[in-house]
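Before I ask anything, let me first share the structure, which is written out below as C-alpha cells.
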Amino acid sequence: MENKKEYTINVSRETLEGVVMIDRKKMTTLLINVISVKMFLTFPKVMIINSGNAAWIECIYNTLIVIGLFWITTKLYRSNKNIIQLAEMTGKKWLKIIVGVVAFVVLLINYSSIIRIFPETVKIVLLQDFKIEFIIPIFMLAIGIGAYIGLEPIARVNNMFMPLAGIVLLLSLILLIPYFNINNIFPILGNGVYSIMVKGINTISLFSDILLLNILLPYCENSSEAKKSGWRAIYISATIGVVILLSYCLIYPYPVSREFMIPVYQLSRVIHLGNFFSRFEVIFQFVWSILVLIYSSIYVYALCYVWQITFDLKYYKPLILPVVIISGIVAVLPSSVVDLVKSERLENIIVYPVAFLLPILFGFYSKKIYNKRTVNEESGESE
C-alpha cells in the first residue's frame with residue numbers, strides 16, 4: 001500500500017519578514033479573488049470572440065482541463081517548498097535563477113492587464129474628468145501600501161470582504177433574471193466545436209493564477225491544506241465564471257455580445273429598479289475596486305517575494321517601489337484597451353503552459369525526493 005505520508009520540508013524564515021502562516025480558509029479566498037477577478041475584465045470578451053454564445057461552455061471545457069492538470073500536480077507534489085526552492089535543492093544555482101525569473105515574468109504578465117484595465121473603468125464610471133495618467137499613480141500607490149503591510153493582513157482583509165462581494169454578485173444575478181432571453185444562447189455550440197476546443201483553449205490562462213498557490217506554499221500550514229485550497233478555489237471560481245458568461249449570453253445575442261469591451265460592467269448597467277435605482281454599476285465599481293486593490297497587493301507582494309528568494313535577499317520591502325514602477329510601465333505598453341485585448345490573446349498562449357507545467361515538472365522532482373526518503377526510512381527501520 002502506498003505510503004500517504006507527506007514530507008513537509010521546513011522553510012527557513014530568516015530571509016522572510018514577519019512571516020505568519022495562512023490558514024486554509026484565507027488561502028482559499030485569496031485564490032478565489034485572484035482567479036475570479038479576471039472575469040470582471042476582458043476575459044469574457046475574448047471567450048465570446050472565440051466561441052460566440054457558447055462562451056460559457058468554453059469556460060466549462062477549460063475548467064475540466066485545469067482540473068486534470070491540477071490533479072496531476074497534487075499527485076506529484078510532496079513538499080511545502082515552491083518551485084524556486086525546489087530548484088535550489090538541485091544544487092544548480094543557475095536553474096534556481098532561471099525558474100525564479102520565469103516565475104516573475106509570468107506573474108507580471110498575469111498582473112499587468114489588471115493594472116491597465118482597472119483605471120480605464122474607474123475613469124469611465126466614476127472619474128470621467130480625470131486623465132488616466134493621474135489615476136494610475138494613485139492606484140499604484142495604494143497597491144504599494146497594501147504590499148508593504150504584508151501577506152497575512154492582506155489575506156485577513158480579503159477574507160472579511162469576500163462575503164460582501166459574494167452577496168453583491170448574487171444580488172446582481174437575481175436582478176438580471178427578468179432580462180434573460182433563452183433564445184440568445186442558440187445555437188448552443190456557438191461558433192462550433194472547433195472554436196470551443198481549439199481556439200478556446202488559450203483562455204485556460206484564466207486559471208493560471210493557480211501558480212500563485214505554488215509560490216505561496218511556504219505560507220501554508222502544509223501542502224495538504226494548500227491542495228484543498230486550490231481545489232475549492234478552482235471549483236468556486238469556475239462556477240462564478242460560468243454563471244457570469246451564461247447570464248451575459250442570455251441577455252445579449254451574438255454578435256452584439258462581442259461589441260462590449262468589459263461585458264460584466266455592461267451587465268451591471270442593465271440593472272434597474274424602477275425609476276429610483278438605475279446606477280448599479282457604481283456599486284459594482286466600488287466592490288470591484290476593493291477586490292482589485294487586494295488582488296494587486298497580493299501580486300506585488302508575490303513578485304517581491306519571488307525576487308527575494310531567487311536572489312537570497314534579506315528583505316522584500318525595498319523591492320516594492322521598483323516592482324510597482326516596472327508593473328506600471330508594462331501595464332501602459334498597450335496604447336488602448338483594444339490593443340490590450342489583442343496582446344492578451346498572445347500572452348495567453350505563452351503564460352498558461354508555463355504556469356501549469358512548471359509545478360508539474362518540479363512535482364516530479366518533489367516526488368523523487370519523497371520516494372528517496374521513504375526508501376531510506378524503510379532501510380533504516382529494517383536495520
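Would you point out which residue out of I185, I174, I167 is at pLDDT 85 or above and under 22 Å from the mean Cα position of the chain (by Cα)?
On inspection, the qualifying residue turns out to be I167.
Out of the residues in segment 54-89 meeting the condition of being in contact with a Leu (Cβ under 8 Å, 6 or more places away or on another chain) and closer than 13 Å to I234 by Cβ, tell me which one is surrounded by the fewest Cβ atoms within 10 Å (Cβ to Cβ).
Ranking the candidates gives N62 first.
Also: Taking E259 as the residue in question, decide whether it is of a type in the set (D, E) and modelled with pLDDT of 80 or more.
yes
Can you spot a residue in segment 193-202 that is crowded, with 20+ Cβ neighbours inside 10 Å and out of contact with any Lys or Arg (no Cβ under 7 Å at 6 or more places or on another chain)?
yes
Looking at (1) in contact with a helix residue (DSSP H, G or I) (Cβ under 6 Å, 6 or more places away or on another chain); (2) small (G, A, S); (3) part of a helix (DSSP H, G or I); (4) crowded, with 20+ Cβ neighbours inside 10 Å, can you tell me which one G190 breaks?
Result: G190 passes all but (3).
Also, I was wondering about something else. Inspect segment 146-160 for any residue being part of a helix (DSSP H, G or I), more than 30 Å from V300 (Cβ to Cβ) and touching a Pro at 6+ places or on another chain (Cβ under 9 Å) and give the result as yes or no.
The answer is no, given that none of the residues of segment 146-160 is part of a helix (DSSP H, G or I), more than 30 Å from V300 (Cβ to Cβ) and touching a Pro at 6+ places or on another chain (Cβ under 9 Å).
I need the full set of residues from segment 295-331 which are in contact with a Cys (Cβ under 8 Å, 6 or more places away or on another chain), among the aliphatic types (A, V, I, L, M) and surrounded by fewer than 24 Cβ atoms within 10 Å (Cβ to Cβ), in order please.
L319, I320
Just for segment 193-216: of the residues that are assigned to a helix (DSSP H, G or I) and free of Cβ contacts under 8 Å to residues at least 24 places away in the same chain, which one is farthest from S247 (Cα to Cα)?
Y194
If you don't mind, there's one more thing I want to ask. Would you say L333 is more than 29 Å from M160 (Cα to Cα) and at pLDDT below 80?
yes
The values are calculated or read from the model by the stated rules, or taken from the named source; none is laboratory data. Just so it is clear, the structure is predicted and the values come from calculations on it, not from any experiment. Methodologically, a virtual Cβ is constructed for each residue, glycine included, from the backbone with ideal geometry; neighbour enumeration extends over all protein chains shown.
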